[in-house]
Amino acid sequence: MIPVRGFTGKRLAVFGLARTGLTAARALVKGGAEVACWDEKPAAQDAARAEGLPVVDLATADWSGFDALLLSPGVPLTHPAPHWTALRAEAHGVEILGDVELFARTVAAAPPGGRPKVAAITGTNGKSTTTALLGHICREAGKDAQVGGNIGQGVLDLDDLHGGAIYVLELSSYQLDLTSSLKADAALLLNITPDHLDRHGGMDGYVAAKKRVFQNQGKGDTAVISVDDPHCQAICTELLAANRRTIRPISAGRAISKGVYALQGLLYDATGERAMEIADLLRAPALQGRHNWQNAAAAYAAAVALGVHPDQVADGLMSFPGLAHRMENIGQIGRVRFVNDSKATNADAARQAMSAIPRFRWIAGGVAKAGGVEPLGDLFDRVSKAYLIGEAAADFARTLDGKADYMICGDLEAATTLAYRDAAASGEDEVVLLSPACASFDQFADFEQRGDAFRQIVASLGGVAQRAAG
């Protein structure tokens, strides 16, 4: 754990006692702060009490005694309406922070010899894979890489700060909204497409949150940014005009000067006088598809900026095992292969797997994001048949009507069983793809639980589940 420095003797309100909030409360106490923890769920209150953390009803507390509010990233800060704790903090002049901001201040307070390097990764899609990939590359090269944030361990649950370490952090837009002083040695922005617009008041607010990953960078720092979508292109142009840090544009669709790009699966480094071929990503089993080529380009550029030799990066790309729930091959029965892409919680994320597989039986549905699956219309000809589940099933059926065969199945077990039955009956090589294009909250706690359930269902059908990647 990382004890939070700079808050000794101060009193902080902590709202939201899931993983992030509990970890932050522990880290604050370990650093000498006093906390008052609260969550509106009785089970969360009980969990805090079980750890000996003081539970205080913040609705009736005296806010004039608080120095800051530690807010869980899942709690609305501004939109669709500020949470009551945010309003209470603002009314009393209490600073609102997130766990990443506590980490940033602790890094800034560390002596120069004990200060680690920080890589911060964000984007609408691909950030988990890129974070894990960059951590893997650094570790394979002999670096001490601590990986966490919005993936795996919370940032304050990582090993305490020490010189020579690299903290590789996945950051969501919610976390960035609560962060003001983070200075990343390498900051990565992979892509921006519409997502979480209700939480940011629209696209402008969402883009502004993502841009915060680059704030506070200066000479000696590196900004890695895709130029494959218009929002990121515009941000790259702004960064180039600022002329303070090293800019490394990346692309998975075209050659770019002074950047890193992938064409037809070949990764090139064009940051020098001439472009050098780095790796054949078609030979990297966990990096299939154009979206993963973008992830590889970003991880390569960041790793080199963090001191890893290009040859070591290439080796790391080839040995990367991938992540669970991201285009994960979980098993095969006869000629039917099952792919778990449960992490695809919106249409743009589902596009990645759907674009990489020529023909598939598609399990989709859950709690739909804005636009549903209409943006995927150009890929419907790849769908042998869709097996629709959850709240979105009827809406998805209307979108698919006349464009692809489908059936409404209700739940994941029925959809998987029926998809396997139809695939096996075809006598051909088949892929059953779980890429829901939806959140999971109508039937599952999160996308991990949904993906694990898919794995168990496939195993019950007689499939031999492969080792979970990660």
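The values are calculated or read from the model by the stated rules, or taken from the named source; none is laboratory data. Quick caveat, the model's predicted, so the values are computed rather than measured. Please note: Cβ atoms are built from the backbone with ideal geometry, for glycine as well, and neighbour counts cover all protein chains shown. Protein only, heavy atoms only, side chains kept; ligands, DNA and RNA dropped before computing areas. Shrake-Rupley method; radii C 1.70, N 1.55, O 1.52, S 1.80 Å.
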Worksheet entry | Among (1) buried (at least 24 other Cβ atoms within 10 Å of the Cβ); (2) farther than 23 Å from Ala252 by Cβ, the one test that Ala187 misses | (2)
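Here's the yes/no breakdown for (1) of a type outside the set (Lys, Arg); (2) part of a helix (DSSP H, G or I); (3) under 21 Å from Gly289 (Cα atoms):
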position: Pro358; (1), (2), (3): yes, no, yes
position: Ala364; (1), (2), (3): yes, no, yes
position: Leu379; (1), (2), (3): yes, yes, yes
position: Cys409; (1), (2), (3): yes, no, no
position: Ala423; (1), (2), (3): yes, yes, no
position: Leu433; (1), (2), (3): yes, no, yes
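Could you check the range 87-104 and list, in sequence order, the residues that are surrounded by 16 or more Cβ atoms within 10 Å (Cβ to Cβ), over 21 Å from Met1 (Cβ atoms) and out of contact with any strand residue (DSSP E or B) (no Cβ under 6 Å at 6 or more places or on another chain)? Spell out how you get there, then give the answer.
Step one: list which residues in the range 87-104 are surrounded by 16 or more Cβ atoms within 10 Å (Cβ to Cβ), which gives 88-89, 94, 96-104.
Okay, now just the ones that are also over 21 Å from Met1 (Cβ atoms), so 88-89, 94, 96.
Within the range 87-104, Arg88 is the sole residue that qualifies.
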Response to the item:
Scanning the range 102-125 residue by residue, those in contact with a helix residue (DSSP H, G or I) (Cβ under 9 Å, 6 or more places away or on another chain) and either assigned to a loop (DSSP other than H, G, I, E, B) or not aromatic (Phe, Trp, Tyr) (or both) turn out to be Leu102, Thr106, Arg115, Pro116, Val118, Ala119, Ala120, Ile121, Thr122, Gly123, Thr124, Asn125
Discussion item. Checking the conditions here, which among Ala356, Ala347, Ala368 is touching a Leu at 6+ places or on another chain (Cβ under 6 Å) and either hydroxyl-bearing (Ser, Thr, Tyr) or in contact (Cβ under 8 Å) with a residue 24 or more places away in the chain (or both)?
Written reply: Ala347
Worksheet entry | Among residues of the range 200-222, those that are over 28 Å from Ala81 (Cβ atoms) and without any contact (Cβ under 8 Å) to a residue 40 or more places away in the chain, counted | 7
Practice prompt. Taking the options Thr131, Thr193, name whichever one is in contact (Cβ under 8 Å) with a residue 60 or more places away in the chain and hydroxyl-bearing (Ser, Thr, Tyr).
Written response: Thr193
Item to complete: Could you tell me which residue of the range 49-100 is nearest to the chain's Cα centre (by Cα), considering only residues that are part of a loop (DSSP other than H, G, I, E, B) and of a type in the set (S, T, N, Q)?
Response: Ser72
Practice prompt. Scan the range 3-26 for residues that are among the aliphatic types (A, V, I, L, M), open to solvent by less than 60 Å² (accessible area, probe 1.4 Å) and not in a helix (DSSP H, G or I) and jot them down.
Written response: Val4, Leu12, Ala13, Val14, Leu17
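Of all residues in the range 267-291, which are in contact with a helix residue (DSSP H, G or I) (Cβ under 7 Å, 6 or more places away or on another chain) and either of a type in the set (A, V, I, L, M) or part of a helix (DSSP H, G or I) (or both)? Spell out how you get there, then give the answer.
Step one: filter the range 267-291 for residues in contact with a helix residue (DSSP H, G or I) (Cβ under 7 Å, 6 or more places away or on another chain), giving 267, 269, 278-279, 281, 283-284, 287-291.
Leu267, Ile278, Ala279, Leu281, Arg283, Ala284, Leu287, Arg290, His291 - these are the residues of the range 267-291 that are in contact with a helix residue (DSSP H, G or I) (Cβ under 7 Å, 6 or more places away or on another chain) and either of a type in the set (A, V, I, L, M) or part of a helix (DSSP H, G or I) (or both).
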Response to the item:
Those residues of the range 358-367 that are open to solvent by 10 Å² or more (accessible area, probe 1.4 Å) and within 26 Å of Gly253 (Cα to Cα) come to a total of 2
Worksheet, complete the sentence: Counted residues in the range 146-183 being in a loop (DSSP other than H, G, I, E, B), of a type in the set (Gly, Ala, Ser) and either under 17 Å from the mean Cα position of the chain (by Cα) or over 18 Å from Leu71 (Cα atoms) (or both) come to 5
Worksheet, complete the sentence: Selection from the range 126-145 of residues assigned to a loop (DSSP other than H, G, I, E, B) and within 24 Å of Asn216 (Cα to Cα) yields Gly126
Response to the item:
Within the range 304-356, residues being more than 17 Å from the chain's Cα centre (by Cα) and outside any loop (DSSP other than H, G, I, E, B) number 24
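Restricting to the range 277-297, name every residue that is under 19 Å from the mean Cα position of the chain (by Cα), of a type outside the set (D, E, K, R) and under 30 Å from Phe454 (Cα atoms). Spell out how you get there, then give the answer.
Of the residues in the range 277-297, the ones under 19 Å from the mean Cα position of the chain (by Cα) are 286-297.
Still in the list and also of a type outside the set (D, E, K, R): 286-289, 291-297.
Ala286, Leu287, Gln288, Gly289, His291, Asn292, Trp293, Gln294, Asn295, Ala296 - these are the residues of the range 277-297 that are under 19 Å from the mean Cα position of the chain (by Cα), of a type outside the set (D, E, K, R) and under 30 Å from Phe454 (Cα atoms).
In the range 307-336, which residues are charged (D, E, K, R), surrounded by fewer than 21 Cβ atoms within 10 Å (Cβ to Cβ) and within 21 Å of Arg290 (Cα to Cα)? Please lay out each step first, then the result.
Just the residues of the range 307-336 that are charged (D, E, K, R), to begin with: 311, 315, 326, 328, 335.
When the remaining residues are screened for being surrounded by fewer than 21 Cβ atoms within 10 Å (Cβ to Cβ), the result is 311, 315, 335.
Asp315, the sole residue that qualifies.
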Worksheet entry | Selection from the range 213-260 of residues that are surrounded by fewer than 21 Cβ atoms within 10 Å (Cβ to Cβ), among the basic types (Lys, Arg) and touching a helix residue (DSSP H, G or I) at 6+ places or on another chain (Cβ under 6 Å) | none
